[in-house]
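Working notes, structure below.
The values are calculated or read from the model by the stated rules, or taken from the named source; none is laboratory data. Note that this is a predicted model, so its numbers are computed, not measured. A quick note on method: Cβ atoms are made from the backbone with ideal geometry, for glycine too, and the neighbour counts reach across all protein chains shown.
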């Protein structure tokens, strides 16, 4: 409780936090709004995008792209503690190194909760405005996609957290985070058999929010081997635990 | 006297650089212990190790006879190198974060801000502070849960003369409350003015340690000359309070034992019919003493 209160004190008064969250909210609303003009496989999505209950699946897929922004925020929050030397001071003052890492893990949980709550509100808003079916059954039909999104956001931010504790400099850590998630791991995917690479961390996190209209694409090409969202939860939790553990070990065995 | 901090062959190696080399020393309760040495002599590394942020490559240290833990840390207030705070938070908010970590009473915050003279600036953000104010805020943070021991690393580094005076005054006031202070400094006169005990470090090695009076002698040196130096030298041999003397070109340099001054010497010379043409009192520079110690 003490850890969370301290993190709140530091984060809520940090202008950068509000700026990044504002960008997160604004860009996401814009993308959700304009994505109805997109077309997949020649079919314009149109207002069908906002139909309950598939809306949850589509919105969580859109929100998936913005996890990068949350990851960058986590990197900024952690590397700040190094550049201000406040992490060091907290250990001097009696906080354990494990607690220092856990505090940041709680921050990722909090940010993921904010992201999920935001998605829920935006989903309801667009759904009630445009969906033809607003019965309770339809609204909550595929609400479980929000929980998949939550796990995914935590996973992305834990990867960012790991790079932040590993590299300790914001610029380099952000580059490493983007490079791994968008370039290095995708390259590895190409080299590996689909049956193996579907268990790679970014692939697992990605499987939590499958591409809308995947069924259509599968019909045209060979079906993907990606895990179903429900099946991806377990390996995702495994990677999250691994990343948190690796961060703790990093901080414990290095000079601050 | 209880031992507050005990170092046993504490060492730190950075690659091939031996930053701290088998340092053994102890700090007694109630003392103001100065860790004196030039930049890069291993002072900050030593403090970093006993404060649990730098891992020793060898040796051991004990706080209050125990290995470092949350409990021992709560009894020690410390600032290492620079004041470490969140620049965008106010002085008060920063101290709230510190109070959370130390599980200190939040009611102490205003009291400590007043003590360091920042009571009226408690709502200014840290980045708006001058270096002297930042340093004082760091002292307030270190004092927040009324610790028995203060560890201060170069507390006056980079301050202007007024800032130095303020911080030194603060340290003296804190010491007057009976707290043990471990202070690292590269300033000889700071250690001489503030400390009761001193350890001299150079290239990570302990060169000397003990009470300040023993290590940094404040004895004055006299320079005398006369028309004829021979009778002067003869007399100096017989004067019991002359600790040592040496002829240098056309003058004689000498040191007197404590309690004697140039007046005594001048009187005895005159009684023996020797008239000095020159009598000069020269304060032995601390720098010279420091070089003496480190070149031993």
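Structure above, values below:
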{"read-out": "All helices (runs of 4 or more DSSP H) inside the range B:11-109 with 3 or more residues being more than 9 Å from chain A (Cβ to nearest Cβ)", "value": "B:43-50, B:91-102"}
{"read-out": "First in the range A:168-188 and touching a residue at least 12 places away in the same chain (Cβ under 8 Å), second anywhere and surrounded by 15 or more Cβ atoms within 10 Å (Cβ to Cβ) and in a loop (DSSP other than H, G, I, E, B), Cβ under 9 Å, 6 or more apart", "value": "A:185/A:200; A:188/A:200"}
{"read-out": "Single residue of the range A:55-102 satisfying the filter (within 14 Å of chain B (Cβ to nearest Cβ) and within 28 Å of residue A:27 (Cα to Cα)) that is surrounded by the most Cβ atoms within 10 Å (Cβ to Cβ)", "value": "A:78"}
{"read-out": "Test result for residue A:24, more than 14 Å from every other protein chain (Cβ to nearest Cβ), at pLDDT 90 or above, within 14 Å of residue A:211 (Cβ to Cβ) and surrounded by 12 or more Cβ atoms within 10 Å (Cβ to Cβ)", "value": "no"}
{"read-out": "Test result for residue B:133, more than 23 Å from residue B:64 (Cα to Cα), buried (at least 19 other Cβ atoms within 10 Å of the Cβ) and more than 10 Å from chain A (Cβ to nearest Cβ)", "value": "yes"}
{"read-out": "All positions within the range B:127-155 that are within 14 Å of residue B:32 (Cβ to Cβ) and under 17 Å from the mean Cα position of the chain (by Cα)", "value": "B:149, B:150, B:151, B:152, B:155"}
{"read-out": "Close pairs from the range A:237-256: first more than 19 Å from residue A:152 (Cβ to Cβ), partner not in a helix (DSSP H, G or I), Cβ under 7 Å, at least 6 apart", "value": "A:255/B:53; A:255/B:54; A:255/B:55; A:256/B:53"}
{"read-out": "Filtered residue count, the range A:122-150, keeping only those that are over 15 Å from residue A:49 (Cβ atoms) and in a loop (DSSP other than H, G, I, E, B)", "value": "5"}
{"read-out": "Condition broken by residue B:152, with the remaining ones in (1) surrounded by fewer than 18 Cβ atoms within 10 Å (Cβ to Cβ); (2) not in a helix (DSSP H, G or I) satisfied", "value": "(1)"}
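For every residue, the table says whether it meets (1) more than 27 Å from residue A:182 (Cα to Cα); (2) touching a strand residue (DSSP E or B) at 6+ places or on another chain (Cβ under 9 Å).
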| site | (1), (2) |
| --- | --- |
| A:13 | yes, yes |
| A:28 | no, no |
| A:34 | no, no |
| A:48 | yes, no |
| A:51 | yes, no |
| A:76 | no, no |
| A:82 | no, no |
| A:90 | yes, no |
